[in-house]
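In what follows, a single structure is set out as structure tokens and then discussed.
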């Protein structure tokens, strides 16, 4: 069904080192099992999508990966380290960065400051260093600001907008700033939660290109939750489908698309 | 990705974190110069200098609380506790209260002969800062998992607990033993006067050295506030205030950063407390009432939450209204219009009225923080409310 090249690519993904691996990851809220025993892996330097109908547990799954939720069962292994019980800030420091489904920028801070906050784990200034503004702290601040502006330009925010309050930026720019803020922590794995939500087809297409560019230029792995099938099919090397918290299919985009269980989850049972 | 320019709301330029606007610096230099020279134009024992000194110490208090409430967004209603701990530290280490002790470090000749612990104020200052910073962290700990109003309730209780301990610790602490820690409502007095090296002794007749000491303390605290705000630490505080879930996902250790805010804020309260203990010459349990916490909070709100100059102005304004305007200037007004009551009894009513007027006319404060200007501007569609993740791990 697939070409030999695609098969070879699939083998590389399956056998290569994984940047992220979950084993039987489960989250139970009271009587509701939001995520039910999901085991999956994100190969290094790949783009992997998680899809599924609304309420399938995708965002809950993300929140467990980033440490916002503590898994009820199972484990998360990032870059060879078990991070299941780590705090979110520790996981970020290890190299996982994320964006949010509904943009969560620090609205009253400027775009540059937002990206500077993203660098928090990489900067070292202490209270006393900050009060006395030692040469090292001054240097660090200058470099941090420079890096922030570079990142903002890299994701395509016009330099004139860099000092604007985040809440006054256009929707598209807010999404871009959020990505820049995530990149500021020098992540190895970038989690994007519905990055194209609210974008028009052109913008979605640009973002798709941009994700590839990120992967190739910054050596990132990208895990995204996405509803736009065109984006998913266009960019992902591997797709995982969740429904009612369970993993119902996994594989390359074309294979998943025709999987009867996936069709059923999205369109309902035939006949 | 290209920039879409269509229907973009007008942006408000925020000041850059690094670099300063020259105009504000000029105003600051002029204001500080006037503040330094001010006592020379008044009699050394004048009531105005006395009230100004108190006002400056309120500036220190308010700026301390501003770190917790204004920067980190943690509503603290128990700030009086740190005033209390600072003042008692002054009392314990700078009076003849512990008569069985005989410790003197860096104090004047005549104090050497007196029993008790007598340390120089410059030594008591860091001790009080450490004590209160620790107390601040202790207060912060139970509030870490809480948000908004619930933090206010816990801190309110903390302030009350410290107040009760102050009243009841004249015969044993928590009713254990019979050690006299605070001397209850009778209090610790007389408390030593501040004694700085190279200057003549502080007396209760010459207010000028007190004033300049208070001014020095206030300037240091203003400076520290600015430096912290424009640093990695300050950005972390503001990020937590704006959106805690996003902040923690960006690698900010919320526990450490929040406790730091509580500790820093408390330390300034404690330092101001040592000054007031010495300035009033007495430390007694009746000084530490809930209304004090509200009074300091009102200064911040009046001036502008999170705005350093705003808080300075708010603190000076409310303090002068309290010590001059109501008791001196306006006090005869009721009798003139044929009413028979003492206006000072209405003090808090007047403050409350002021705050209500303020909330209606200028909710962002007298000198709002630049960021809040953006928030209150009409262009903003919805307040940027986010759904809250029910379970956050800290």
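When A:79, A:163 are screened for being within 7 Å of chain B (Cβ to nearest Cβ) and either out of contact with any strand residue (DSSP E or B) (no Cβ under 6 Å at 6 or more places or on another chain) or over 27 Å from residue A:205 (Cα atoms) (or both), only A:163 passes. Mind listing whichever residues of the stretch B:1-42 are modelled with pLDDT of 70 or more and either within 8 Å of chain A (Cβ to nearest Cβ) or closer than 30 Å to residue A:174 by Cβ (or both)? Of everything in the stretch B:1-42, just one residue is modelled with pLDDT of 70 or more and either within 8 Å of chain A (Cβ to nearest Cβ) or closer than 30 Å to residue A:174 by Cβ (or both), namely B:24. Residue A:145 passes every criterion in (1) surrounded by 22 or more Cβ atoms within 10 Å (Cβ to Cβ); (2) part of a helix (DSSP H, G or I); (3) more than 18 Å from the chain's Cα centre (by Cα); (4) within 9 Å of chain B (Cβ to nearest Cβ) apart from (1).
Every condition in (1) part of a helix (DSSP H, G or I); (2) touching a strand residue (DSSP E or B) at 6+ places or on another chain (Cβ under 6 Å) holds for residue B:118 except the one numbered (1).
Filtering B:227, B:241, B:201 for residues that are within 9 Å of chain A (Cβ to nearest Cβ) and farther than 22 Å from residue B:143 by Cα leaves a single hit, B:227. Between B:276, B:181, the distinction of being assigned to a loop (DSSP other than H, G, I, E, B) and away from chain A (no Cβ under 14 Å) belongs to B:181 only.
So for the stretch A:224-233 (the condition being within 19 Å of residue B:249 (Cα to Cα) and either outside any loop (DSSP other than H, G, I, E, B) or in contact with a strand residue (DSSP E or B) (Cβ under 9 Å, 6 or more places away or on another chain) (or both)), does at least one residue qualify? Taking every residue of the stretch A:224-233 in turn, at least one turns out to be within 19 Å of residue B:249 (Cα to Cα) and either outside any loop (DSSP other than H, G, I, E, B) or in contact with a strand residue (DSSP E or B) (Cβ under 9 Å, 6 or more places away or on another chain) (or both). Just one of the listed residues (A:176, A:181, A:136) is surrounded by fewer than 19 Cβ atoms within 10 Å (Cβ to Cβ) and either within 11 Å of chain B (Cβ to nearest Cβ) or in a helix (DSSP H, G or I) (or both), namely A:136. Note on the stretch A:184-195: residues that are in a strand (DSSP E or B) and more than 10 Å from chain B (Cβ to nearest Cβ) total 4.
Within the stretch B:22-56, being in contact (Cβ under 8 Å) with a residue 60 or more places away in the chain and not in a helix (DSSP H, G or I) holds for B:44, B:45, B:46.
Going by what's in this entry, would residue B:383 be described as within 14 Å of chain A (Cβ to nearest Cβ), surrounded by fewer than 17 Cβ atoms within 10 Å (Cβ to Cβ) and either within 30 Å of residue A:89 (Cα to Cα) or at pLDDT 70 or above (or both)? Yes.
Residues in the stretch A:148-159 that are more than 7 Å from every other protein chain (Cβ to nearest Cβ) and surrounded by fewer than 21 Cβ atoms within 10 Å (Cβ to Cβ): A:149, A:150, A:153, A:154, A:159.
Residue-by-condition table, conditions (1) surrounded by fewer than 24 Cβ atoms within 10 Å (Cβ to Cβ); (2) part of a loop (DSSP other than H, G, I, E, B); (3) assigned by TED's automatic domain parsing to the domain that holds residue A:227:
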| position | (1), (2), (3) |
| --- | --- |
| A:33 | yes, no, yes |
| A:41 | yes, no, yes |
| A:61 | no, no, yes |
| A:70 | yes, yes, yes |
| A:76 | yes, no, yes |
| A:84 | yes, yes, yes |
| A:101 | yes, yes, no |
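Quick check on residue A:115: is it surrounded by 20 or more Cβ atoms within 10 Å (Cβ to Cβ), in a helix (DSSP H, G or I) and either out of contact with any strand residue (DSSP E or B) (no Cβ under 7 Å at 6 or more places or on another chain) or at the interface with chain B (Cβ under 8 Å from one of its Cβ atoms) (or both)? Spelling it out, residue A:115 is indeed surrounded by 20 or more Cβ atoms within 10 Å (Cβ to Cβ), in a helix (DSSP H, G or I) and either out of contact with any strand residue (DSSP E or B) (no Cβ under 7 Å at 6 or more places or on another chain) or at the interface with chain B (Cβ under 8 Å from one of its Cβ atoms) (or both). Across the stretch B:252-266, not a single residue is classified as assigned to a helix (DSSP H, G or I), farther than 27 Å from residue B:60 by Cβ and more than 9 Å from chain A (Cβ to nearest Cβ). Can you confirm whether the stretch A:196-207 contains a residue that is more than 17 Å from residue A:98 (Cα to Cα), part of a loop (DSSP other than H, G, I, E, B), more than 8 Å from chain B (Cβ to nearest Cβ) and touching a residue at least 12 places away in the same chain (Cβ under 8 Å)? The answer is yes, given that some residue of the stretch A:196-207 is more than 17 Å from residue A:98 (Cα to Cα), part of a loop (DSSP other than H, G, I, E, B), more than 8 Å from chain B (Cβ to nearest Cβ) and touching a residue at least 12 places away in the same chain (Cβ under 8 Å).
The values are calculated or read from the model by the stated rules, or taken from the named source; none is laboratory data. In this text the structure is predicted, and so the values were computed from the model without any measurement. In this analysis, Cβ positions are derived from the backbone assuming ideal geometry, glycine residues included, and neighbour counts consider all displayed protein chains.
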